[in-house]
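Everything on this sheet refers to the single structure shown next.
The values are calculated or read from the model by the stated rules, or taken from the named source; none is laboratory data. Quick caveat: nothing in here was measured; it's all calculated off a predicted structure. Note that each Cβ is placed from the backbone with ideal geometry, even for glycine, and that neighbours are counted across all protein chains shown. When the accessible area is computed, the model is the full protein with side chains, heavy atoms only, and any ligands, DNA or RNA have been set aside. Shrake-Rupley method; radii C 1.70, N 1.55, O 1.52, S 1.80 Å.
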Amino acid sequence: MSIETSPVFLLDVSSGQPIDAELLDGIAEQQLVHWEDEWMPVLRDAVERMKAAGIERTKWPQSRHWDWRQKAQGFDRALANPGFCVTCQGMTQGMMFLDLLHKARIKSQTGKELVYIEYLENAPWNRRHIAGDEARFAGVGSLLVRAAIELSREEGFKGRIGLHSLPQSNAWYANTCGMTDLGADPDYPHQLRYFEMTPEQAEAFLAKGNTP
Amino acid sequence: MKIEVTKDWCIRMARLEVETGADMEIGGASAVASPDAVALDLSSESMPETNIAFGRFVSLMRRKRRQTVESLAEDAEIDVTELVEIEEDNHHKPEPRTVYQLAKHFDVPTPSLMQLAGLSVAKNASFYEEAIRFAARSETVEELNDIERAALEAFVSVLSNRK
C-alpha cells in the first residue's frame, strides 16, 4: 500500500514563522525508527529530569511507556486501523493510529459509525510540558485531528470521531476541539474520559482555523 | 488519501495550540494484554501489598539471574524506565504489555503475574495472602541470600501451580 503525502504547515514556535511540513496517510518503518532513536531518548531524559526535580509522577509524560513498534505490529496494517503522521525537516513530529470499527455514543448519534482515535502522540520536543519555552513546532495535534475528521468524511461517517483522552489532554479536546465530554468511562482502563465529536462539531472545528 | 489544508488553517490552529499550551496525547490502554486476564482491576490502589510483592518479585527474579535493570529491560523488550518504577515504586501501575513480557521472560503464568501486578482480580483471597507473605519474607537486602532464594522459589511454585 502506498502512502500519500499532503503538504501542510507547522508553526516554528521560536520564530513564529510557518514551516513546510507533510501529512502522510500511513506510518512506515521510518517513523518507528524516529520514535526509537529520537523520541525515546528525549522522553527518558525528561522523566529523569522530572524525577530529580521531585515533580510528582502524575505530571510525567503519560505516553512514556507507549511502544509504537508494538502498536504497529499489533495493528499489522489492518484496513480497519489506518495511521497518519506529520513530518517536518526530515523528522516525524507526530503519529496517530485510528480504528474504524467503533460506534458513536452521543444520544443524537448513537450506533452510527465514527473514526476512533486509538493513539495520538506529539514528538516530545514539541510538547510544552516537556520542552518548556523551547518547544519546537506547534500545529501537529490539530493536523492529526483534522486528518481523523477528513477520513471520517471520506468513509461516510460525516466527520464523527471519538477518543479516550489522557488526563493531561482533556482540556484541549473539550475546549479547543469542542468535543462533547461523556465523562469517565468505567469500561476503559484507568477510567479515562471519553470524548466525541458530532458532524456539527467537526464543522465548527474546521471553521475555527478559517476564522481570522 | 490526499488532504487539502490551507496554510492559514494550519497556522491559526497552531497558534491556538501555543495559546492554550495543551497536550494532545491519546491512548491510555495497552494494545496487548493476556487474553485470559480478568478485567482490569481499577480499585487495586487498595491492594498495595500485591504491588509491593510484584516489585519485589521482579527485583529478585532479576537478581537471581544476575541481570542488571538495563539488561532485563533489553531482554524482555520493555522500557527501562518502567522497570525502575516497578521495582522502586509500590504505587506504580504497570502496563499490561510489560507484565506480559515479564511473565514470558521469567517463564511464569501471565494470568498469575497480572494478578500480582494488580491488573486483574484473583479468584480467591489465598493468592493475596501468599503475595503478602512473600513480600514480608523477601524484604530487600544487599544480596540475594538463601532465605530470599527460598522465598522466591516457593512463590514461583505458587504462581506456577495456579490456573
So, in region A:3-13, of the ones that are open to solvent by 50 Å² or more (accessible area, probe 1.4 Å) and in a strand (DSSP E or B), which residue ends up farthest from residue A:84 (Cα to Cα)? A:7
Qualifying residues in region A:138-177 (those that are assigned to a loop (DSSP other than H, G, I, E, B) and more than 7 Å from chain B (Cβ to nearest Cβ)) - the one surrounded by the fewest Cβ atoms within 10 Å (Cβ to Cβ): A:156
Complete set of residues in region B:62-100 that are hydrophobic (A, V, I, L, M, F, W, C) and over 19 Å from residue B:127 (Cα atoms): B:69, B:72, B:73, B:76, B:78, B:80, B:83, B:84, B:86
Could you look through region B:100-120, keep only residues that are under 11 Å from the mean Cα position of the chain (by Cα), open to solvent by less than 10 Å² (accessible area, probe 1.4 Å) and without any contact (Cβ under 8 Å) to a residue 60 or more places away in the chain, and pick out the one that is farthest from residue B:131 (Cα to Cα)? B:102
Give region A:181-192 a look and list any residue that's in contact (Cβ under 8 Å) with a residue 24 or more places away in the chain and either within 9 Å of chain B (Cβ to nearest Cβ) or crowded, with 20+ Cβ neighbours inside 10 Å (or both), or say none. A:188, A:192
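Matching residues to (1) over 18 Å from the mean Cα position of the chain (by Cα); (2) closer than 23 Å to residue A:198 by Cα:
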position	(1), (2)
A:72	no, no
A:80	no, yes
A:96	no, yes
A:105	yes, yes
A:123	no, no
A:133	yes, no
A:158	yes, yes
A:162	no, yes
A:168	no, yes
Given the options A:86, A:13, A:47, A:8, name the one that is within 19 Å of residue A:126 (Cα to Cα) and at pLDDT below 90. A:47
Those residues that are under 17 Å from residue A:134 (Cα atoms) and not aromatic (Phe, Trp, Tyr), I need them from region A:28-40; list them, please. A:38
Looking only at region A:193-204, how many residues end up being surrounded by fewer than 21 Cβ atoms within 10 Å (Cβ to Cβ) and either of a type in the set (A, V, I, L, M, F, W, C) or within 9 Å of chain B (Cβ to nearest Cβ) (or both)? 1
Within region B:67-76, identify whether any single residue is at pLDDT 85 or above and either in a loop (DSSP other than H, G, I, E, B) or within 7 Å of another protein chain (Cβ to nearest Cβ) (or both), and answer yes or no. yes
Residue by residue through region A:14-36, note down the ones that are within 10 Å of another protein chain (Cβ to nearest Cβ), part of a loop (DSSP other than H, G, I, E, B) and closer than 15 Å to residue A:86 by Cβ. A:25, A:26
Can you tell me how many residues within region A:95-137 are farther than 30 Å from residue A:45 by Cα, hydroxyl-bearing (Ser, Thr, Tyr) and either within 11 Å of another protein chain (Cβ to nearest Cβ) or assigned to a loop (DSSP other than H, G, I, E, B) (or both)? 2
Enumeration of residues in region A:37-63 that are part of a helix (DSSP H, G or I) and open to solvent by 70 Å² or more (accessible area, probe 1.4 Å): A:37, A:38, A:44, A:45, A:48, A:49, A:51, A:52, A:57, A:58, A:59
